[in-house]
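Asks: Sharing a structure here in structure tokens format.
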Amino acid sequence: MGPRRRHAICLLVSAIIALIGTDAFSNPAHKQAASHRRTAAKADNHKHRLATDASHWHKAAKADHHKHQSPAEAKHSERAPGPRILLPRDPSGSAALSAPPPMPQPKPPVLFAAASPTDTVQNVARPAISSEAPDACPEPDVCIDQYLWSLYERTPKVDTIKVEEKIKVKVKNKGKTRTVVKTQTKYITEDFGWKDPKAAQKAGMSLKDYVIGGMDRDFRRTLYNALRMMDDAGLSPGITSAFRDDYRQELASGDKAASDSSYHGGSRRGGYGHGLAADLVSVKGDTRAERCMWSEILWAWIEAHEKELGIGRPYLDKDPPHVAPIDGKEYADKRSAAKPRLAGLKKPSPSSRPK
């Protein structure tokens, strides 16, 4: 084939190739496919950018929120359960975060406090009985007994008593060692609140019927009026002991009468219903030391007003809480002996009180 013919064939092939290429790119189907691919790529790129922007915005909003919270609020926010929902962007191009859904708060537990009506250490308020009683009371004796009982209930049954104990000690005398017995005195705090309940149980009575009902009825009325005067004077009187039978007297500590001879109600004095004595202290003060101080004031006040009160302290400081009717045999017999004795003696320790 000559050069001229080969040149002609090459020109023909080039023209055919050019024609085919132009038709391919001018085909609408090919153009549409290419356009779709470009649109999808663009949309995917936009979607990725939108998610990225929203994530950055969410982090920025959360950081700003914590920045303006107090430490307690931030701590609560960190612990609060529930999802945080990212809302879609609004037309303005901003995104909004929803607040955590409200969580139901548990109701605080209801606590019930129980108070014992016989909490004598703390319950030192005045008895809730009208000052007009017993005159204004339908049953005066009932009101009197209730008042006396309230003073008994509110009074601590604690005292310091003197205890003598015999001990053996070794002593040297002229180079020789021998063992001798010595008496040692100790002062201990005694809770005698169990004694009356035990005696009442033995007698088959309630505690109130035992300690209050065992006193002489006329003495109860005199004692009521006297205690009212002390209460009105702000001395806060209390009763540590009232009626005591022979068994209860055996349980008493310190200097005491024979079990059947106590004016509190020993069998030789008439027994139940004939008690003519009571032991009085003051319950004023927050501590035992303060109550002891106020008891001293109470006893001195009784001694200074015994004619008005109708009761007195037969033994004075030998048994300071003990009171009895000033027109009774005990007062007449014991006071006549107590004053000369007290005139030349120092004040004995209150630990000698019989309980």
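The values are calculated or read from the model by the stated rules, or taken from the named source; none is laboratory data. Keep in mind it's a predicted model, so treat the numbers as computed, not measured. The accessibility values were calculated without ligands, DNA or RNA, using every heavy atom of the protein model including side chains. Shrake-Rupley method; radii C 1.70, N 1.55, O 1.52, S 1.80 Å.
Asks: Going through the cross-link list Lys166/Lys202; Lys157/Lys186; Lys202/Lys329; Lys256/Lys329; Lys162/Lys208, which pairs have a Cα-Cα distance over 27 Å in this structure?
Replies: Lys166/Lys202; Lys202/Lys329; Lys162/Lys208
Asks: On to the next question. Can you give the accessible area of Trp194 in Å² (nearest 10), computed on protein heavy atoms with a 1.4 Å probe?
Replies: Roughly 120 Å² of Trp194 is accessible to a 1.4 Å probe.
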